[in-house]
Amino acid sequence: MDLYQLFCQAVGLLAMGVLCFSYQMKERRSLLIMQTVGTALFCVHYLLIGAMGGLWLNIVCVTRNLIYYNKDRFSKFFRFLPFVLAVIIGIIGALSWENFFSIFIILGLAINTVCLSFSDPQKIR
């Protein structure tokens, strides 16, 4: 493993650590900030390793987190927004389909999209 690959994996490991740590946050807004940082790091990771499907899915997730963070601005649409974003994730996932295991990533991100829309951090976890 060369130095570049090691760096790419370190970015992915850091992203995973930030996302795991995000679930320790007591407030919803703090949780969303940490989720956004972790997901943005995964965007960098996927870009570095050339996984464009993962990059686009995580760009949607960063956008989702920013929308959820500013929930008050989207109050009219917020009831339907999680499902619209889950469908967008499904479409991008289908377009970037690699094999059967891709379904786990798509389902995980779609479920995460709906769960992050809850107001109570306890319900999100």
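Just checking, does segment 28-37 include any residue being open to solvent by 40 Å² or more (accessible area, probe 1.4 Å), in contact (Cβ under 8 Å) with a residue 24 or more places away in the chain and assigned to a helix (DSSP H, G or I)? Taking every residue of segment 28-37 in turn, at least one turns out to be open to solvent by 40 Å² or more (accessible area, probe 1.4 Å), in contact (Cβ under 8 Å) with a residue 24 or more places away in the chain and assigned to a helix (DSSP H, G or I).
Scanning segment 44-53 for residues that are surrounded by fewer than 20 Cβ atoms within 10 Å (Cβ to Cβ) and touching a residue at least 12 places away in the same chain (Cβ under 8 Å), we see that the one that is nearest to I88 (Cα to Cα) is G53. Scanning segment 70-93 for residues that are surrounded by 17 or more Cβ atoms within 10 Å (Cβ to Cβ) and at pLDDT below 90 yields L81, P82. Among the residues here, W97 does not qualify as open to solvent by 70 Å² or more (accessible area, probe 1.4 Å) and assigned to a helix (DSSP H, G or I). Apart from one condition, M1 fits all of (1) over 11 Å from the mean Cα position of the chain (by Cα); (2) assigned to a helix (DSSP H, G or I); the exception is (2).
Condition check ((1) without any contact (Cβ under 8 Å) to a residue 12 or more places away in the chain; (2) assigned to a loop (DSSP other than H, G, I, E, B)) across all residues:
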{"position": "L66", "(1), (2)": "no, no"}
{"position": "R79", "(1), (2)": "yes, yes"}
{"position": "V84", "(1), (2)": "yes, no"}
{"position": "I105", "(1), (2)": "no, no"}
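For segment 4-17, which positions are open to solvent by less than 40 Å² (accessible area, probe 1.4 Å) and either hydroxyl-bearing (S, T, Y) or under 12 Å from the mean Cα position of the chain (by Cα) (or both)? Correct list: A15 only.
The values are calculated or read from the model by the stated rules, or taken from the named source; none is laboratory data. Bear in mind that the values here come from a model prediction, so they are computed numbers and not experimental data. Reconstructed Cβ throughout: ideal geometry from the backbone, glycine too, with neighbour counts over all protein chains shown. Areas reflect the complete protein model, heavy atoms only, side chains present, ligands, DNA and RNA absent. Shrake-Rupley method; radii C 1.70, N 1.55, O 1.52, S 1.80 Å.
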